[in-house]
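Peer 1: Please see the structure below; I have some questions.
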Amino acid sequence: MSRRPSLRALCGVALLLACTACSDDGSSDKTPKGRAGSAGVGDPLFPTLGNGGYDVTHYGLTLDYGPGTRRLKATADITARATATLRSFNLDLAGLDVREASVDGRDATFTRRGTELTITPKSPLAKGRIFKATIRYDGAPKTITDPDDSIEGWVPTDDGAVGLGEPTGSMAWFPGNHHPSDKAAYDISVTLPNNGKTAVSNGVLESREETGDRRTFKWHSREPMASYLATVAIGDFEVTDTTTDGGVPEYDAVDHDELDGSSKITADVSEVLDWQSKTFGPYPFASTGVIVDRNPDLGYALETQTRPYFDSAPDTLLLVHEFAHQWFGNSVTPRSWKDIWLNEGFATYAEWLWQEQHDGRDADQIFRGLWTGKDRAATGIWDFPPAAPPNAARLLDAPVYQRGAMVLHKVRRAVGDDTFFDILRTWAKTHRHGNADTEQFIALCEKKSGKDLGPLFDTWLYGKGKPAKP
Ligand code: TRP
Ligand code: ZN
């Protein structure tokens, strides 16, 4: 956690600069000087993550990667709307060399400090203006080690590499507004040497072109995506391009070394997605699939949008978990990282529901095993309240997953099955492709049930330690 004090210090400096550079946006001055966009959006767990003063609508990433050299040469075209009159604005970028920056085709100056890349256009951007920032950059993208010791960012593998972004790793491979509150559409183009390797990303594969010794894959994500859910996986993949039984285009990429454990995966994806569409409401995206890699040092899977990433062949419950995130986390995205239980509690509860409906333990039994501590997954679940991870190192910890699911089970038992499943579907529908927070979820539960659920949430979601009774 040595990086926290320095992040805070950096944030303080940036806020100070923002204030001293301030000019009144509403003044009669015909050419407002504008102000500096802030170096953070106020996330309590990640103070400098994301940036204020603009809202990204589209990322166009053009990436050229050499799996042999591990070098990236790239251009990011970022289309955004200024939400204040901006003299300058920040992007988050970790490592890499920035070669050139422009705004609407005119050269812009830039400076770097830590993970903040500050762009100053030739003239200020008026509030409301839609602009395109173009950043040319290159270098060997780095693997980030998080406060919890897990790795993310750019992770090389035996046969390629993968870009992973939860919670902050996307800044290791492209500059952006890397906070979940700023979702955008994406076009990601990846060029590789023409030696049989495949580049897989989110959304729909629009084209695959070969020109001499190069091969280019163009991926399109129409629906808004939080940057931590963007991915590119490069490797020797077996591709299955098909359609689920429910009619969703499905593109699966399985590492040649993981084919044995993945023989049923295409059918399993279809079955899981169908079950979830019935349980949670319509699947929110235009395509689906999986990326099954061999990445033995990773130790986790990630719900990358439309196409979850697995570090090895997954079992069915892990598929259920990562696909549940497509509704809970990806389509409905937390407004702040402290709301992460809205992702993990829900995806974990989806596993309980799957087991209950597929000849496994029922949800009461799973709840009981956690309560008594007999279940291995119970380790550490009372360490902190699920709605209040104490620091970045505990963001993806047991209370958020297991006790988060226990909160949902308590709600289900308090309101009854009909209301509970109505709540899940209404949550997914109301906030589809948006951001939402814990207070909104509580309000929805109380509205749908007509009950005061304050004590339940106070005890199970916000209360310290193990509740007095199950
Ligand atoms: N969000 C992922 C999931 O639940 C898991 C995950 C991503 C994770 N990054 C992590 C778990 C880092 C522990 C540490 O599927
Ligand atoms: Zn999860």
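Peer 1: Treating cross-link reach as a plain straight distance, find the aspartates and glutamates whose alpha-carbon is under 12 Å from the alpha-carbon of Lys464, omitting any fewer than eight places away in the same chain.
Peer 2: Output for Lys464: Asp383.
Peer 1: Now a separate question. At a Förster distance of 41 Å, what's the computed FRET efficiency of Lys451 paired with Ser207, Cβ-Cβ distance as r, to 0.05?
Peer 2: Numbers: r = 53 Å, r/R0 = 1.28.
Rounded to the nearest 0.05, the efficiency is 0.20.
Peer 1: What does DSSP give for the chain in terms of the percent of beta bridges that are antiparallel, rounded to the nearest 5?
Peer 2: 80
Peer 1: Given 0.36 nm per residue, what is the gain on full extension from Asp77 to Arg214 after removing their alpha carbon distance, in nm?
Peer 2: 47.1 nm
Peer 1: Okay, next question. Would the stretch 156-206 count as rounded, prolate or oblate if I go by the C-alpha gyration tensor, calling it rounded below 1.5 in a/c and otherwise prolate when a/b exceeds b/c, oblate otherwise?
Peer 2: Taking the square roots of the gyration eigenvalues as a ≥ b ≥ c, the stretch 156-206 is oblate.
Peer 1: Another question, if that's okay. What accessible area per residue comes out for the stretch 31-333, rounded to a whole number of Å², with a 1.4 Å probe?
Peer 2: Heavy-atom SASA per residue in the stretch 31-333 reads 34 Å².
Peer 1: Give a quick list of trypsin sites (Lys or Arg not before Pro) in the stretch 318-416 that DSSP marks as loop, anything other than H, G, I, E or B, with at most 11 other Cβ atoms within 10 Å.
Peer 2: Hits after loop and neighbour filter: Lys374.
Peer 1: So, one more: Given a Förster radius of 22 Å and the C-beta distance between Asp138 and Thr57 as r, what FRET efficiency does 1/(1 + (r/R0)^6) yield to the nearest 0.05?
Peer 2: It comes to 0.30.
Peer 1: Percent of Cα-Cα pairs more than 40 Å apart in the chain, please.
Peer 2: Working: 22613 of 110215 pairs.
Above the 40 Å cut-off, the chain has 21 percent of its Cα pairs.
Peer 1: Using a probe of 1.4 angstrom, how much of the accessible area of the chain is carbon and sulfur, in percent?
Peer 2: Its accessible area is 49 percent carbon and sulfur atoms.
Peer 1: Now a separate question. How high is the relative contact order of the stretch 187-285, given as a whole-number percent (alpha carbon pairs under 8 Å, six or more residues apart)?
Peer 2: 22
Peer 1: Separate question: With a Förster radius of 35 Å, plug the Cβ-Cβ distance of Ala443 and Arg361 into 1/(1 + (r/R0)^6) and report the FRET value to the nearest 0.05. Write out the running numbers ahead of the final one.
Peer 2: Values: r = 32 Å, r/R0 = 0.90.
Plugging the Cβ-Cβ distance into 1/(1 + (r/R0)^6) gives 0.65.
Peer 1: A further question follows. What lysines does Lys183 reach when the alpha-carbon gap must be under 21 Å and sequence neighbours fewer than 8 apart in one chain are set aside?
Peer 2: Qualifying lysines at Cα under 21 Å: Lys127, Lys132, Lys218, Lys338, Lys429.
Peer 1: Could I ask something else about it? Starting from the exponent 0.38 and prefactor 2.2 Å, build the expected Rg for the stretch 218-360 from its residue count and divide its actual Cα Rg by it.
Peer 2: 0.98
Peer 1: For the chain, what does the helix formula give at 222 nm: sum of -39500 (n - 2.57) over DSSP H segments with n ≥ 4, over the residue count, nearest 500 deg cm²/dmol?
Peer 2: On the way: 9 runs with 118 residues, N = 470.
Helix-only estimate at 222 nm: -8000 deg cm²/dmol.
Peer 1: Then there's this: Enumerate the lysines that Lys469 could reach by cross-link, defined here as Cα to Cα under 19 Å, with residues fewer than 8 away along the same chain left out.
Peer 2: By straight Cα distance, Lys469 reaches Lys374, Lys410.
The values are calculated or read from the model by the stated rules, or taken from the named source; none is laboratory data. Keep in mind that what you see is a predicted model, and the values were worked out from it rather than measured. As a convention, Cβ positions derive from the backbone with ideal geometry for all residues, glycine included, and neighbour counts pool all protein chains shown. What goes into the accessible areas is simple: the full protein's heavy atoms, side chains included, and nothing from ligands, DNA or RNA. Shrake-Rupley method; radii C 1.70, N 1.55, O 1.52, S 1.80 Å.
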